[in-house]
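Structure, as structure tokens:
The values are calculated or read from the model by the stated rules, or taken from the named source; none is laboratory data. Note that the structure is a prediction, hence the values are computed from the model and not measured. With ideal geometry, Cβ positions are generated from the backbone for all residues, glycine too; neighbour counts draw on all protein chains shown.
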Amino acid sequence: LQQSTPGFSFMQSFFKTWLKLDLTTLAAALTIFGTISSALVVLKGLGMKVYWWFTALFTASISIASSDRLNREILNWIGAQVLTRQATRILTARTETVQNDAWHPRRSQIERNDYNHEKRVPVQYLPTFGTTWFIFERNVFLVRRINTHRSYIMGVPDEYAAAPEGDEPLVVMCLGRSVEPIKRYLNACRDFAEKQRESYITIRASKQQYNRESWDVTILRPIRPLETVHFDEKTKAELVADIKNYLDPNTRKFYTARGIPYRRGYLLHGTPGTGKTSLSLALAGYFGLDLHLLHLPSVRSDGELETLFTALPPRCIVLLEDIDAVGIKRQTEMTEDEDDDDSDDEKPRSRCTLSGVLNVIDGVASQEGRIVLMTSNMAHKLDKALVRPGRIDKMIFLDNISQRSAELMFLRMYTPDPTHPNPNLDLEEGKLQKLALEFSGAIPDNTFTPAQLQGYLLNHRNSPGLAASEMPAWVADEHRKMEEAKAHAKKVAEWKARRRQRKAMEVLAKTMDSANIEAASSEIK
């Protein structure tokens, strides 16, 4: 080596004198290390082949796409049931969100509590890339979270080099040659998710993705009891009974046997603030159905609207808000007292056509089994084709609040909550009932909306006595504001009438001038 490598003697002397190292020994060590590394690479490749050979022969597997809800439910089950017990050393962390289920909502054995989020949002831990193993019903399971982006850095495995983004497919494997244990496990994940959502309703909204609309955004909201939506109790009971009868399995059989489309539609109409959207949320929670919220002005075309309706599940509630945006009578049918010049200043118009909405409601491509709720502030102006029987089976009018409903609202607002004691609300039942009657007695029937009264009560949420005693003054002040608003609206209407009259006179003058010019021309000829 000294003869074939110039300077080797100098390097050997330098290392031996100054670094106290034998260069020959160092070279031999490096050679051995390289040989061992190569052997380890070969052994690793051989081990992977043996692993996949064993997997193919002795395990069953089911794959779940990244976009499927079951994918999220499996990860949440593992996060709650496996990671906490196994003390796993490699995890992925994310900021926990209680109200939003767009990626991975929290799924723990502890009851969810929104009050914990007031000061600092908790951290949620989930499986990272690679394989997580556990035992379920005496069967050994392995769940692989696959990185489709492959981001190796200098040979570093994915779990150390990148964090999951939520769009990774899963492969669930079980030791054995039958997929039945996996099916039972998947059902357990689904049951676990449904149990965690018992006190919440799932709201799905449309979102533009890849230049098209889809049901993407998911929001979890606490179930709102029907008792908190204040309108005519008889009408409410009839509505609930009608939906309950529609959802009965025997009703579907009845419809099918007689060739009747299995659909149901309701129009909730009334002035703003009467609780149309709140009633929709309460009905979804009462019947345990997902609520698909569709804001028509945001849908760009009839094609996108049809795509959204086609993707609806068999049993759900579809809420079409602002149906006025497409359901108003055609411009050619506008009455003379309607000012079409101001139409652009009102609510945004939908780019969906009335025929497109009618087609998805009861056309050939419309789905069966779902409940359609529409809300409108101006039901009398809706096109008759939209509200005919078969499309709208019942029209529910939500009027301004009655004295009885105002009394119930007062009692609901100030009845003590055992879970959150408040000394200011510690009143005897008789005293609270007396204040409720005093409060409701000062309110004229069908004059104010539930939203107005709720806003007033929230301003006095710790003072029921003050809320009752100051109600007459509030009513007088609101009456004054309403009279001022009516006077202003009357002035605006008179101004519009004068403007229409002026425009009509200008058109008439132009017509007369044209006629005079034609007459003069004929005389010259």
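So which helices (runs of 4 or more DSSP H) stay within the stretch 301-376 end to end and still have 3 or more residues that are farther than 30 Å from VAL492 by Cα and modelled with pLDDT of 70 or more?
It comes to 302-310, 354-362.
Please verify whether the stretch 473-484 includes one or more residues that are outside the structural domain of THR228 (by TED's automatic domain parsing), of a type outside the set (A, V, I, L, M, F, W, C) and either at pLDDT below 90 or not in a helix (DSSP H, G or I) (or both).
no
So if I check each of PRO450, PRO464, which one is buried (at least 17 other Cβ atoms within 10 Å of the Cβ), in contact with a Phe, Trp or Tyr (Cβ under 8 Å, 6 or more places away or on another chain), in contact (Cβ under 8 Å) with a residue 40 or more places away in the chain and more than 24 Å from GLU233 (Cα to Cα)?
PRO464
So SER440 fits all but one of (1) in a helix (DSSP H, G or I); (2) closer than 30 Å to PRO472 by Cα; (3) at pLDDT below 90; what number is the exception?
That leaves (3) as the condition not met.
Out of the stretch 191-207, which residues are closer than 16 Å to LEU75 by Cβ and in contact with a helix residue (DSSP H, G or I) (Cβ under 6 Å, 6 or more places away or on another chain)?
PHE192, ALA193
Any residue that is surrounded by 13 or more Cβ atoms within 10 Å (Cβ to Cβ) and outside any helix (DSSP H, G or I) - is there at least one of those in the stretch 492-508?
Within the stretch 492-508 (the criterion being surrounded by 13 or more Cβ atoms within 10 Å (Cβ to Cβ) and outside any helix (DSSP H, G or I)), the answer is no, since none of the residues qualifies.
Here is a yes/no grid of residues against (1) out of contact with any helix residue (DSSP H, G or I) (no Cβ under 9 Å at 6 or more places or on another chain); (2) assigned to a helix (DSSP H, G or I); (3) under 28 Å from GLU227 (Cα atoms):
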residue	(1), (2), (3)
ARG412	no, yes, yes
PRO444	no, no, yes
GLN452	no, yes, yes
ALA489	yes, yes, no
